[in-house]
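Asker: One structure, pasted below without further comment.
The values are calculated or read from the model by the stated rules, or taken from the named source; none is laboratory data. As the structure is a computational prediction, the values presented were derived from the model and not from experiment. Glycine gets a Cβ as well: all are built from the backbone with ideal geometry, and neighbour counts include every protein chain shown. Please note that ligands, DNA and RNA were not included when accessible areas were found on the heavy atoms of the full protein model with its side chains. Shrake-Rupley method; radii C 1.70, N 1.55, O 1.52, S 1.80 Å.
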Amino acid sequence: QVQLVESGGGLVQAGGSLRLSCAASGRTFSSYAMAWFRQAPGKEREFVAVINWSGAATYYANSVKGRFTISRDNAKNTVYLQMNSLKPEDTAVYYCAARQIYRIGAKDYDYWGQGTQVTVSS
């Protein structure tokens, strides 16, 4: 069982930066692939980024590539999402998720956090 708690969301002006954190409980965190998704009002949840268990492999949605960076610290049971050059269209609730196997394009994650709101003003 893995429990996920996101933090670090908030209100930021366009062009600014935020770093989201996702703290995980459970001894097996380091064996899971971790991802970030987001959901804007009235829209479906969409994939943002994923990282494999060791941090050696990452993949990003085209909309955030070059602006966002996903990373993890297995010693701290935490995954991060560094978001730079934020745009109003990045406004959404951001969720972290855990999956046993790293797979690009997967949406069937085993565990989800409760989400953290990110609002980017123009």
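Asker: State to the nearest 20 debye the size of the charge dipole of the stretch 44-122 about its Cα centre, where the only charges are +1 on K and R beta carbons and -1 on D and E beta carbons.
Answerer: Values: 9 positive and 7 negative charges, 39 e Å.
That gives the stretch 44-122 a dipole magnitude of about 180 debye.
Asker: At q = 0.19 Å⁻¹, work out log10 I(q)/I(0) for the stretch 17-77 with the Debye formula, treating every Cα as an identical point scatterer and leaving solvent out; two decimals please.
Answerer: For the stretch 17-77 at q = 0.19 Å⁻¹, log10 I(q)/I(0) is -0.76.
Asker: Given a 10 angstrom Cα cut-off, can you work out which residue in N62, N77, N52 is the most mobile in a GNM of the chain?
Answerer: It is N62.
Asker: Within straight cross-link reach of K65, meaning Cα distance under 16 Å, which lysines are found once same-chain residues fewer than 8 apart are removed?
Answerer: Output for K65: K87.
Asker: Using only the alpha carbons of the stretch 61-122, what is the convex hull's orientation-averaged projected area in square nanometres? Walk me through the numbers on the way to the answer.
Answerer: On the way: hull surface 20.2 nm².
One quarter of the hull surface, i.e. the mean projection, equals 5.0 nm².
Asker: Now for a different question. Looking at the chain only, what percent of DSSP beta bridges run antiparallel? Nearest 5 please. Let's see the in-between values first.
Answerer: Numbers: 37 of 41 bridges.
Just about 90 percent of them are antiparallel.
Asker: Could I have the simple spin-label model distance between A57 and Q13, label points 7 Å from Cα toward Cβ, reported in nm to one decimal?
Answerer: According to this spin-label approximation, the distance is 4.1 nm.
Asker: A follow-up question, please. Percent of accessible area on the chain owned by carbon and sulfur, 1.4 Å probe? Don't skip to the end; give the middle numbers.
Answerer: On the way: 2980 of 6340 Å².
Exposed carbon and sulfur together represent 47 percent of the surface.
Asker: Keeping all protein chains in place, calculate the accessible area per residue for the chain (probe 1.4 angstrom), answer in Å².
Answerer: The answer is 52 Å² per residue.
Asker: Another one. How about K107: which lysines have a C-alpha closer than 17 Å to its C-alpha, ignoring those fewer than 8 places off in the same chain?
Answerer: K43
Asker: Based on the inverse mean of 1/r over its pairs of different Cα atoms, what is the Kirkwood hydrodynamic radius of the chain, in Å? Provide the component values of the computation, followed by the final result.
Answerer: Numbers: mean 1/r = 0.0709 Å⁻¹.
So the Kirkwood estimate lands at 14.1 Å.
Asker: GNM on the chain, C-alpha springs below 10 Å: top fluctuator among Q39, Q13, Q100?
Answerer: Q13
Asker: So if R0 is 25 Å, what FRET efficiency would S30 and S85 give, r being the distance between their Cβ atoms, rounded to the nearest 0.05?
Answerer: 0.25
Asker: Something else now. What is the dipole size for the stretch 1-87, taken about its Cα centre, with +1 at each Lys and Arg Cβ and -1 at each Asp and Glu Cβ, in debye to the nearest 20?
Answerer: Working: 10 positive and 4 negative charges, 23 e Å.
With only Lys, Arg, Asp and Glu charged at Cβ, the dipole is about 120 debye.
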